[in-house]
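Peer 1: My structure is below; once you've seen it, I'll send some questions.
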Amino acid sequence: MQPFNLGNRNILGNPYITALVYAGGSYIIMLINFFWIKLFPRSFSDEKWTLGKEILMCIYQMISIATAMWLINYIRGVFPPNIHGYLDMLWIVVSVGFFPYLVVLLIRHTYLVKRSLQKAATMNISLMLDNKEAPLDNDPQYISLQRFIKPIDINTFISAESKGDYLVVNIAHNGKVEELAVTTTLEEFQTENEHFEQLFRCRDEVIINKNKITWVEGNAAGYRLRMHPKLPSVFVSGEKAAEFRKQMDYC
């Protein structure tokens, strides 16, 4: 007995031939899907992959496979040439294929989490072994900050985040965090201070001082950085994860 009354639609009355044809059609469709991955590798890279893209990819694959299966059965005269026949086939494909797809997705997610955690652990070991506190310098270097009179030593700078029309700058002073709001843009700040190698733009709206990182947390999407006990963790976007590992010397 076959589910979804598939026994009534066997090709030549043979369930094995039917399964072979369905599997072959699905395989061809998956090869077409693989073509998109090869054509746009950057869009499908781990660094740029998101949950939203995964959901869209799942929907696309289910619809494309259902379309192929519906065409096969339509040519055979088994499924009616209307929306109800197509929706019936789509329901069958989703019911049969969603669970295996979910299993593969969970395996991939687990792999990405494990890889990210391993790299984060390596970074944390180095952070504990290295003393990133810069020694006192008789000639300190100051970051350039337009329309702000008070000089800011690069060794006290923690992060800068764009918030609307303002740039919020966090600096460490006597163990405390001081927050400054400046009317400038993150792009201007980055251009004026690009000679400081310790500055890193971890996502579109945030620049950090790598020497102020105290802990790295890894997950499937990327990394979260602890900069100071009194500040929330800073997220490294997936697109910047590879560059972050490279700058931290952990490619």
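The values are calculated or read from the model by the stated rules, or taken from the named source; none is laboratory data. Everything numeric here is computed off the predicted structure, so don't read it as measured data. For neighbour counting, all protein chains shown are included, and Cβ atoms are generated from backbone atoms with ideal geometry for every residue, glycine included.
Peer 1: Among what's in region 105-144 and is part of a loop (DSSP other than H, G, I, E, B) and touching a helix residue (DSSP H, G or I) at 6+ places or on another chain (Cβ under 7 Å), pick the residue that is modelled with the lowest pLDDT.
Peer 2: Restricting to residues being part of a loop (DSSP other than H, G, I, E, B) and touching a helix residue (DSSP H, G or I) at 6+ places or on another chain (Cβ under 7 Å), the top hit is Ala134.
Peer 1: Looking at region 32-47, can you tell me whether even one residue there is assigned to a helix (DSSP H, G or I) and in contact with a helix residue (DSSP H, G or I) (Cβ under 8 Å, 6 or more places away or on another chain)?
Peer 2: Yes - at least one qualifying residue is present in region 32-47.
Peer 1: Look through Val93, Val78 and report the one residue that is over 20 Å from Ile208 (Cβ atoms), modelled with pLDDT under 85, assigned to a loop (DSSP other than H, G, I, E, B) and in contact with a helix residue (DSSP H, G or I) (Cβ under 6 Å, 6 or more places away or on another chain).
Peer 2: Val78
Peer 1: If I filter region 220-229 for residues that are on the phi < 0 side of the Ramachandran plot, aliphatic (A, V, I, L, M) and part of a strand (DSSP E or B), do I get at least one hit?
Peer 2: The answer is yes, given that some residue of region 220-229 is on the phi < 0 side of the Ramachandran plot, aliphatic (A, V, I, L, M) and part of a strand (DSSP E or B).
Peer 1: What number of residues within region 199-219 satisfy the criterion of being outside any strand (DSSP E or B) and surrounded by fewer than 17 Cβ atoms within 10 Å (Cβ to Cβ)?
Peer 2: 4
Peer 1: Residues being more than 23 Å from Leu31 (Cβ to Cβ) and not in a loop (DSSP other than H, G, I, E, B): count how many of those fall in region 81-90.
Peer 2: Residues meeting the conditions: 5.
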